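Notes to accompany the following structure.
A short reminder: the numbers here are calculations on the coordinates, not readings from a lab. Since we're looking at a predicted model, the values are computed, not measured. Counting neighbours? That spans all protein chains shown, and the Cβs are built from the backbone with ideal geometry, glycine included.
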Amino acid sequence: MNRSLRNYLRRRGATPEEISKAASEERLALLALDRQLLPGRARYTFAEAATRAGVDVEVARRLWRALGFPDSPDDARRFSDTDVDALITLQRRFASSLLGGTDPNQAALVQYVRVIGGSLAKIAEVQSDQVVKAILSARDAGLTDEQIAQLVPEAIDWERMSRLTDYGLRLQLRAQLWRKLAAESPSGVGTERLSVGFVDLVGYTALSQELEPEELGALVTRFEELAYDTVAEHGGRVVKTIGDEVMFVAEEASAAARIALRLTQSSAVDDILPDARAGLDCGDVLAQEGDYYGPVVNLASRLVELARPGSVLASSTVHEVLAEHSSFGWDRLRSRRIRDIGRVEVWKLERADDTNPGNHEGSGTVRSS
C-alpha cells in the first residue's frame, strides 16, 4: 500500500486492522472519506463517552436518537474524543437560560437536535450523492480503490464545505431573527401573519410508477429547482418540499399570488414537469421550528387538492386582500364543503391579462362561475 496513504489514515485515527481490512475489501476510499470527516480513534462505548462529557447517559441516548441514529450496542467502542467534544458543546450551548433553560430532562435540547438532525440529513444526502458520483466516475476512468483513496485528502475540503454551511445558516438565522423580532409587536413571537401556499404536481403518483428512477429523480430535482428559484425571486420562503408538493410562505399576499401563478404556468410549458396546481390562504399562523401550523395552513393545503391542473385556488381572505390589485383577475367558484373545515368560499386566481387582455390598470377583474 502507498506509504503516504497509510500514514494519513493512521494520523486520522484508523487502526492497522481497519486499514488492512479496508485494503482487502477494496474500501480504502471509503475509509479515507470516513477518517476525513470524523478523525480520531474510536475508543469509548456510548456510556463512557456520555460520562466523559458529563452528560446523563439517558439524555445522551435521546440526543443520539434525535440525530436519527439507532442505539449502539452497550459494549461497542464506536465513539471518539470528537463525539465527546460534541456532547460537551451541546451541553454548554444550552446551559444559558436564554437558549435552553434548566430543564433536567433537556427536552428543549433534544427537540433542537431533532430539527437540526433532520435538516442536516437532507444536506448530507445531496453532498453524498456528489461524492459518490465523483468516485464512480473515477472508477470508470480506470483508477483503483487505492488511487482514489489517495485523492481524498485534497479532493474533499471539508473545512471549506463546513464554512459554507455555517455561512448559509448564519444568513438564514439573521433573516429569521429580523423577521420575528423587528415586527410591530415583538412580544407576539410565535404567531405571524403570512400568506401560505401549496403547489403540487398533478398525476405524480402515477408517474412515479412509470418512470425509471433516474427520470423520477430528474423530475423531482427540476420541480424543486423551479420552486426554490421562483419563491426566492418573489421574496417568499420555501418551508418544505415533499416529493411532488412544495409549501411556501410570503409576507405579502401579492407575492404569494405571483409565486403560485408563476409555478403553475411554468410547469405547463416545462419539458419535464407535469401540470401543477396551487392553493392559497393568508392570515395568522403559528410558527414553530421552521414550520407553520393552523387553520390558514390547513385551508391552503385543502384548496390545492380541489384545484384543477394548471389552476390556482384562493380563499376569500386572499381575494379580499387582492381584489383591487390590478395584476390579478378572479373567477368566483361555487362554495365548497371541505372536510374538517366546513363550507368555504373559493376563488380561482388568474393574471389580469389572462382574463382581460386590456386590463392593466385599475381594479382586478372578477367573473362568476
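Data table
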| read-out | value |
| --- | --- |
| Helix-derived mean residue ellipticity, 222 nm - over the chain, DSSP H n ≥ 4, -39500 (n - 2.57), to 500 | -16500 deg cm²/dmol |
| Spacing of the two label points (7 Å from each Cα toward its C-beta) at ARG11 and HIS325, in nm | 5.8 nm |
| Cβ-defined net charge surrounding ARG302, 10 Å radius [Lys, Arg +1; Asp, Glu -1] | -1 |
| Contour excess over end-to-end distance, with Cα ends at LEU151 and ALA108 and 0.36 nm allotted per residue | 11.3 nm |
| Under-5 Å amide H pairs with GLY329, H placed in peptide plane, nonlocal only | GLU350, ARG351, ALA352, THR365 |
| Fraction of beta bridges assigned by DSSP in the chain that are antiparallel (%, nearest 5) | 85 percent |
| Crossing angle, helix 107-140 versus the chain [Cα axis fit, 0-90 degrees, rounded to tens] | 70 degrees |
| Efficiency of FRET from Cβ geometry, ARG3 and ALA121, R₀ 35 Å, rounded to 0.05 | 0.45 |
| Relative contact order (%) - the chain, alpha-carbon pairs under 8 angstrom, separation at least six | 11 percent |
| Over the stretch 125-259: Kirkwood hydrodynamic radius from C-alpha pairwise inverse distances, Å | 18.5 Å |
| Estimated vicinal HN-Hα couplings, Hz - the stretch 74-88 in sequence order (Karplus 6.51, -1.76, 1.60; Gly, Pro = x) | 4, 9, 7, 9, 10, 10, 10, 5, 4, 5, 4, 4, 5, 5, 4 |
| Range of Cα positions in the stretch 3-172 per principal axis (Å), largest first | 56, 40, 23 |
| Whole-number D in µm²/s for the chain (Stokes-Einstein; Kirkwood sum over Cα pairs; 37 °C, 0.692 mPa s) | 135 µm²/s |
| Farthest positive-ward along the chain dipole, Cα basis, beta-carbon charges - from SER301, LEU177, ALA47 | ALA47 |
| Area projected by the alpha carbon convex hull of the stretch 190-368, averaged over all directions, nm² | 10.5 nm² |
